[in-house]
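Contents: one structure, followed by commentary.
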Amino acid sequence: MPRPFSSLLDRVTPRTIDELECALSVLGAILLAHLLGATHVSWAAFAGYMVMRGHAAETLARGVLRIVGTVAGGLIALGSAPFIVGYWPAAAAALALMGTISLYAAITSRRSYAWLFFGLTYAMVVLDKIEHPAIALPEFVQTRVLETLAGIAASLIVSLASTLTLRRRWPAKRTPAATGAGWHGDSLRHALQAGVALALLVALNAWIPVPALAQGAIMIMAVMLLPVTGIGSSGLAPVSQRILQRMIGCIGGALFAAFFLVAGADNMPLLLGATAIGVMLGRHLENGDPTHRYVGTQFTLAVLVMLVPDRYDQLVLEPGVERLMAIFIGMAVLMPVLLVGHMLRGRHADEATAPSSGESGGV
């Protein structure tokens with residue numbers, strides 16, 4: 001006697017459950033963000049996607065790190081913004097310092113996720129204030145924290161329910177505990193390059209107003225986040241690869257989202273369904289070949305930017321276009337810094353390996 005349902009279950013894998021969990025977490029984050037009156041619902045969806053892990057304990061730990069980093073970065077930005085926003089050299093110096101500290105700690109510390117969002121939140125708050133001087137910073141930081149909490153809460157609910165049910169049959173692999181790298185000179189040099197790029201972004205904006213200013217800073221910090229073992233003597237090659245993967249993922253996600261925006265811009269159920277499908281597809285790519293997983297992450301984030309508006313009666317293509325613009329803006333600022341650093345490292349390496357005058361004379 002055929003058992004079609006049992007046969008179907010046999011095809012389900014832990015990877016399938018992971019993709020389903022992410023989709024449910026994102027949808028839950030969207031619902032909670034609307035119920036809480038959050039301003040930027042897509043940010044809650046981001047948190048719901050990025051925090052989600054296959055075991056509730058890991059999800060909780062990741063959520064705690066994200067909220068600690070967000071709150072700390074937001075509070076320091078609140079305290080420093082009144083003194084630096086009106087004077088771009090001070091803002092550039094502050095972004096360079098905070099970006100360098102947070103990225104170095106994100107690369108070398110056990111609490112990488114908290115340090116990353118410490119720097120990202122600081123940059124977003126300060127740069128949004130520079131780009132939009134009329135915004136009220138306390139309310140901006142408050143809603144950012146609220147959106148993050150909505151995403152974390154949704155991911156925890158889904159993760160706990162899955163841990164107690166689905167994961168009993170399809171257990172997830174536990175992520176190895178993070179270990180700190182200690183002092184690492186190449187990581188500091190790499191982080192300093194990111195700090196210089198952030199400062200140049202502020203300087204460029206003082207000369208020519210830059211659209212998607214905060215998104216450009218996010219792009220710089222995100223693509224510069226490499227494992228200690230992946231930096232080497234120069235980050236030019238690995239960062240260039242991440243930029244390319246970010247571009248491919250964003251373009252793919254934007255095209256996917258644009259199709260549904262055109263097909264059903266006034267159909268909220270269709271758009272929510274498309275969001276879930278996009279999240280699962282992106283997660284599937286992310287769980288595939290490790291060398292290309294960043295494409296899947298960026299595909300998902302592009303889908304969320306475009307298909308998760310603050311209000312479903314105000315769906316537009318501009319957020320997706322803005323995210324793509326941020327890639328090129330961040331790349332235009334970051335790549336020259338990396339190229340200069342690469343050339344300087346090559347020159348130092350040549351000087352270190354070249355024979356001295358005495359050795360040359362002996363030959």
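The values are calculated or read from the model by the stated rules, or taken from the named source; none is laboratory data. These numbers were taken from a predicted model, which means no experiment stands behind them. Quick reminder, even Gly has a Cβ in these numbers, built from the backbone with ideal geometry, and neighbours come from all protein chains shown. With ligands, DNA and RNA removed, areas are computed over all heavy atoms of the protein, side chains included. Shrake-Rupley method; radii C 1.70, N 1.55, O 1.52, S 1.80 Å.
Overview of results
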{"quantity": "Structure-based [θ]222 nm, the chain - -39500 (n - 2.57) summed over DSSP H runs of at least 4, per residue, nearest 500", "calculated": "-27000 deg cm²/dmol"}
{"quantity": "Pairwise FRET efficiency - Ala332 versus Leu36, Cβ, R0 = 45 Å, nearest 0.05", "calculated": "0.75"}
{"quantity": "Accessible heavy-atom area order of Thr179, Thr229, highest first, probe of 1.4 Å", "calculated": "Thr229, Thr179"}
{"quantity": "Burial ranking of peptide ranges 94-104, 24-34 (average Cβ count within 10 Å, highest at the top)", "calculated": "24-34, 94-104"}
{"quantity": "Distance in nm between pseudo-label sites at Val262 and Ile208 (7 Å out along the Cβ direction from Cα)", "calculated": "3.0"}
{"quantity": "Solution diffusion estimate, µm²/s, Stokes-Einstein, the chain, Kirkwood Rh from C-alpha pairs, 10 °C, viscosity 1.306 mPa s", "calculated": "74"}
{"quantity": "On Cα atoms only, tilt of 213-224 relative to the major axis of the chain in degrees", "calculated": "80"}
{"quantity": "Label-to-label distance, nm, for residues given as Arg15 and Val68 (7 Å Cα→Cβ offset)", "calculated": "3.3"}
{"quantity": "Degrees between helix 268-286 axis and first principal axis of the chain (Cα, 0 to 90, nearest 10)", "calculated": "50"}
{"quantity": "GNM top mover of Arg167, Arg66, Arg345 - the chain, alpha-carbon springs below 10 Å", "calculated": "Arg345"}
{"quantity": "Full-extension gain in nm, Trp183 to Thr291, via 0.36 nm per residue minus C-alpha separation", "calculated": "36.2 nm"}
